[in-house]
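One structure is given here, and the rest of the page talks about it.
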Amino acid sequence: MQYTGPLKKMLTELKFPIQYYLSLKDDFLHINQLIGQEMEICYIANECKSCRLDKPIFRMGFCKNCFFTAPEANPNIIKPELSQAHLGIETRDLAWEKEFELQPHIVYLAESGSIKVGVTREKQIPFRWIDQGADQAIVLAKTENRYEAGMIEVALKEYYADKTNWRQMLTAKADQFDLIEEKIKAKNFIPTDFQKFYVEEGEVYDFEFPVKTYLPKVKSVKLSLNKPFCGKLMGIKGQYLIFENQEVINVRGNEGKVVTIKI
């Protein structure tokens, strides 16, 4: 069977294990059902996530022009502490930024090979954690907007990583940390002006990913134009497809690339 369309972040469903789906325009694939099967993925064109044109993908699924102009790619996405929508100051599109940034945000601790700190919109819970391949996660603080969450994250980055170590996340199931104890410790690192956002409740979220075997080492593969990738799918974690030959493909890292998938 053959399917064609632009790659974008896999959709997920909170079950045990996590269920993954890939939407390719006219096709909708349940990726869990492909585990154990041979796949061929061929990158044949581009489709920018914003302008939809066949232009070279620069970053995050955007062509170069859209990466520097589209509100969906503005710097506040990566660095929430840069948000100014709460001040009524526009970065690229104030109406879009107000809708995105002036809503409840969560600062969290997640375990994905090691403990990291992160920020996401409240409505993205638990999907943000699933996308990062977190085995466990806990809410640390809940703020009224993106800027406040970003400022808490900045303070905590002195003590915790803010990026997932993808190799560590993919090569072994993380050791179990006591996230409740870690959260209590992290409270002391929140600046005084933001202590009011600390969440006392300590529910730990656990996740199970559809991975047959964790490999001793992995190599990330970037899809190349008209150069098919072939492999036997052995698991999925975060936004990574894991293959028997120890190669992995970051689906989100290849957003904007139009592919043909043969099963």
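Assorted remarks:
- Checking each residue in the range 175-194 for being in contact with a strand residue (DSSP E or B) (Cβ under 8 Å, 6 or more places away or on another chain) and not in a helix (DSSP H, G or I) picks out GLN176, PHE177, ILE190.
Yes/no matrix, rows are residues, columns are (1) closer than 26 Å to ILE249 by Cα; (2) within 13 Å of the chain's Cα centre (by Cα):
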position	(1), (2)
SER114	yes, no
PRO126	yes, yes
TRP129	yes, yes
GLY133	yes, yes
ASN145	no, no
ILE152	no, no
LEU156	no, no
GLN168	yes, no
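- Flag if ARG121 is in contact with a Ser or Thr (Cβ under 9 Å, 6 or more places away or on another chain), in the same structural domain as PHE194 (by TED's automatic domain parsing), of a type in the set (D, E, K, R) and at pLDDT 95 or above: no
- Residue check, LYS25 within 30 Å of PHE100 (Cβ to Cβ), of a type in the set (Lys, Arg) and out of contact with any helix residue (DSSP H, G or I) (no Cβ under 9 Å at 6 or more places or on another chain): yes
- Some residue of the range 128-144 being in contact (Cβ under 8 Å) with a residue 60 or more places away in the chain, of a type in the set (D, E, K, R) and outside the structural domain of GLN19 (by TED's automatic domain parsing): yes
- For the range 195-205, a tally of residues being outside any loop (DSSP other than H, G, I, E, B) and touching a residue at least 40 places away in the same chain (Cβ under 8 Å) returns 4.
- Tally of residues being in contact (Cβ under 8 Å) with a residue 60 or more places away in the chain and charged (D, E, K, R) across the range 161-194: 2
- Selection of first residues in the range 206-233 that are more than 23 Å from PHE177 (Cβ to Cβ) and of second residues that are among the basic types (Lys, Arg), restricted to Cβ pairs under 6 Å at least 6 apart or on distinct chains, gives the following pairs, ordered by first then second residue: LEU223/LYS257.
- Subset of the range 221-263 [hydrophobic (A, V, I, L, M, F, W, C) and either part of a loop (DSSP other than H, G, I, E, B) or touching a helix residue (DSSP H, G or I) at 6+ places or on another chain (Cβ under 8 Å) (or both)]: VAL221, LEU223, LEU233, ILE236, LEU241, ILE242, VAL248, VAL251, ILE263
- The range 122-152: number of residues that are touching a Phe, Trp or Tyr at 6+ places or on another chain (Cβ under 9 Å) and of a type in the set (Asp, Glu): 3
- For the range 149-178, residues that are crowded, with 20+ Cβ neighbours inside 10 Å, at pLDDT below 95 and not β-branched (Val, Ile, Thr) total 3.
- Among the residues making up the range 194-228, those that are loosely packed, with under 10 Cβ neighbours inside 10 Å and of a type in the set (D, E, K, R) are GLU200, GLU201, LYS217, LYS227.
- Condition check for VAL258: buried (at least 16 other Cβ atoms within 10 Å of the Cβ) and in contact with an Asp or Glu (Cβ under 6 Å, 6 or more places away or on another chain): yes
The values are calculated or read from the model by the stated rules, or taken from the named source; none is laboratory data. Since the model is a prediction, treat every value here as computed from it, not as a measurement. Note that we place each Cβ from the backbone using ideal geometry, even for glycine, and neighbour counts take in every protein chain shown.
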